1. Of these, 156, 148, 152, which one is touching a helix residue (DSSP H, G or I) at 6+ places or on another chain (Cβ under 7 Å) and under 13 Å from residue 173 (Cβ atoms)?
2. Restricting attention to the range 106-148, report how many residues are assigned to a helix (DSSP H, G or I), surrounded by 15 or more Cβ atoms within 10 Å (Cβ to Cβ) and more than 19 Å from the chain's Cα centre (by Cα).
3. Suppose we keep only residues that are more than 14 Å from the chain's Cα centre (by Cα) and within 14 Å of residue 185 (Cα to Cα) within the range 56-89. Which one would you say is surrounded by the fewest Cβ atoms within 10 Å (Cβ to Cβ)?
4. Within the range 44-60, does at least one residue satisfy the condition of being modelled with pLDDT of 90 or more, out of contact with any helix residue (DSSP H, G or I) (no Cβ under 7 Å at 6 or more places or on another chain) and closer than 18 Å to residue 200 by Cα?
5. Can you say whether residue 151 is in contact with a strand residue (DSSP E or B) (Cβ under 8 Å, 6 or more places away or on another chain), farther than 24 Å from residue 71 by Cβ, at pLDDT 80 or above and surrounded by fewer than 17 Cβ atoms within 10 Å (Cβ to Cβ), as far as the supplied structure shows?
6. Quick one: in the range 1-34, of everything that is closer than 25 Å to residue 150 by Cα and exposed (fewer than 15 other Cβ atoms within 10 Å of the Cβ), which residue is modelled with the highest pLDDT?
7. List, please: which pairs have Cβ atoms under 8 Å, are six or more places apart or on different chains, and start with a residue in the range 182-204 that is touching a residue at least 12 places away in the same chain (Cβ under 8 Å) and at positive phi and end with one that is assigned to a helix (DSSP H, G or I) and surrounded by fewer than 17 Cβ atoms within 10 Å (Cβ to Cβ)?
8. Could you list, in sequence order, all residues of the range 36-55 that are in a loop (DSSP other than H, G, I, E, B) and surrounded by 15 or more Cβ atoms within 10 Å (Cβ to Cβ)?
């Protein structure tokens, strides 16, 4: 059971580092693009963000392209040239921010408190801190700190302490450029095919085939963990 939990925690870390899939309440925010740098115990990863509005945005990181057309999320994997389509509610099990449409309500529900303010990249940010649930099945939680820009309606920095073996994950948005974002960035590029599950899109074994009473063998789990490690190494080289 622990090995299966570890696999879910690794996947959770990948999505949390990409920040919110949907943004705070429906208010005007500037379109922008930016770099995002994520530091994990295994090393640093660079990515990109393209934000058009609350309902339409994109993040590219660690070999993944997340295109949000609320309420649908298209998750593309450059290594396999496959993508998976989810509803934001389906992703909440692995990403506690997936269904956020009102940040203040979400922060209150998760007992996050405002602890200060700070400027990042010239944008004033409200700082929130608390502990969030990252796996409802196991009860795993993670301390989290968020720097939210009200002007951009986007978290410009997050710090999350994912349970072992993942560890501390810090994401910072840099080189922010405001301005209109091209429509083609939010379409699926040519050459991608739709996968039947997230694991298939990622090039991993489909965990849905294993029920609570039918766990994979030690050999199967060892192979899965090796694939995860290889996948993360490849993502860091993207």
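The values are calculated or read from the model by the stated rules, or taken from the named source; none is laboratory data. A quick note: this is a predicted structure, and the numbers were derived from the prediction, not measured. FYI the Cβ positions are ideal-geometry reconstructions off the backbone, even for glycines, and counts take in every protein chain you see.
1. Values: 156 fails: touching a helix residue (DSSP H, G or I) at 6+ places or on another chain (Cβ under 7 Å); 152 fails: touching a helix residue (DSSP H, G or I) at 6+ places or on another chain (Cβ under 7 Å).
The unique qualifying residue is 148.
2. Taking the range 106-148 and keeping what is assigned to a helix (DSSP H, G or I), we get 106-109.
Within this subset, residues satisfying the condition of being surrounded by 15 or more Cβ atoms within 10 Å (Cβ to Cβ) are 106-107.
In the following step, the residues that additionally are more than 19 Å from the chain's Cα centre (by Cα) were identified as none.
So the count comes out to 0.
3. It comes out as 69.
4. No - not one qualifying residue is present in the range 44-60.
5. On the way: in contact with a strand residue (DSSP E or B) (Cβ under 8 Å, 6 or more places away or on another chain): yes; farther than 24 Å from residue 71 by Cβ: yes; at pLDDT 80 or above: yes; surrounded by fewer than 17 Cβ atoms within 10 Å (Cβ to Cβ): yes.
Answer is yes for this residue.
6. So the first thing to find is which residues in the range 1-34 are closer than 25 Å to residue 150 by Cα, and the list is 13-34.
Next cut, exposed (fewer than 15 other Cβ atoms within 10 Å of the Cβ) only: 25-28.
Numbers: 25: 43, 26: 44, 27: 53, 28: 63.
Result: 28.
7. 203/227
8. Of the range 36-55, the ones in a loop (DSSP other than H, G, I, E, B) are 41-42, 54-55.
The answer is 42, 54.
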